[in-house]
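Below: the structure, in structure tokens.
Each reported figure results from applying straightforward, stated rules to the coordinates on display, with no laboratory input. Computed from a prediction, not measured in an experiment: that's the story for all the values here. Here the Cβ positions follow ideal geometry from the backbone for every residue, glycine too, while neighbour counts run over all protein chains shown.
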Amino acid sequence: MADLTDFKRFADQILPVLKDLYAKATTGAPTPDPPSAGNAIAVLQKLVSESGAVTPAPAGKRAEAITAMRGVLTDAIAEAVSSNVTLDPIDLRTMRALWNSLGNALGLLLEQEAFKDIPQLLAPTEIARISTDLGQTNVEIKQRQQAKQTLDLVIKVIITAANLSAKLVA
């Protein structure tokens, strides 16, 4: 059974990393300490590993998860458009689309009167693929020397987290 509050934990851990990376990437400074990003990735890895089981999904928990991920996407997009750090345009469009998608999902939650448990959050193949991707990203973050390189990877993790939240709570 997955703990949907892990999305909020991820958001709380990744936002300071994101802001620090934007600040350092703007000046071309070296990357900050990677364990902070690794801790956030560990939260997602836990969530993915638990997502193969039936998960109670009351409206409040779903709404909190969606709101947390929309907040991360909002900050990532706002930092991207207000800084001189250039992100991959595809990543930026993907984040905007996910932000819209999660907003739509939140609206649907508000319209529903009854909520059912989610029978299975992710298929075993999805769990394996996402777990592998997150593990590889964590390794790559530790190897990056420049903040911009790490920022690009953290953006990919945020996109993965937002995709995950769209699947799990919507």
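Placing +1 on the Cβ of every Lys and Arg and -1 on the Cβ of every Asp and Glu, with no other charges, gives the stretch 6-169 a dipole of roughly 120 debye about its Cα centre. Roughly how tilted is helix 124-143, in degrees to the nearest 10 and between 0 and 90, from the longest Cα axis of the chain? With rounding to tens, the tilt is 20 degrees. Residues whose amide H lies under 5 Å from that of Thr55, counting only those 5 or more places away or on a different chain, are Ile118; hydrogens are built 1.01 Å from N in the peptide plane. Per-residue ellipticity at 222 nm, computed for the chain from helices alone with -39500 (n - 2.57) per DSSP H run of at least four residues, works out to -26000 deg cm²/dmol.
Taking 0.36 nm per residue of sequence separation and subtracting the Cα-Cα distance, how much length would be gained by fully extending the chain between Gln136 and Thr67, in nm to one decimal?
On the way: separation 69, 0.36 × 69 = 24.84 nm, distance 2.70 nm.
Net length gain for the segment: 22.1 nm.
With N residues in the chain, what two-decimal value do you get for its Cα radius of gyration over 2.2 N^0.38 Å?
Working: Rg = 15.8 Å, N = 170, 2.2 N^0.38 = 15.5 Å.
Computed over Cα atoms of the chain, the ratio equals 1.02.
For the stretch 31-100, the calculated P(r) over all alpha carbon pairs, in 5 Å bins from 0 to the bin holding the longest distance, is 3, 13, 15, 21, 23, 15, 7, 3, 1 percent. Considering only Val154, Val85, Val72, give the residue with the highest GNM mean-square fluctuation for the chain, with springs between Cα atoms whenever their separation is below 10 Å. Ranking Val154, Val85, Val72 by mean-square fluctuation puts Val85 first. Here the simple spin-label model places points 7 Å from the Cα toward Cβ, and for Thr86 and Glu126 these points are separated by 3.5 nm. Does anyone have the angle between helix 35-50 and the longest principal axis of the chain? Alpha-carbon axes, 0 to 90°, nearest 10? Once rounded, the angle reads 20 degrees.
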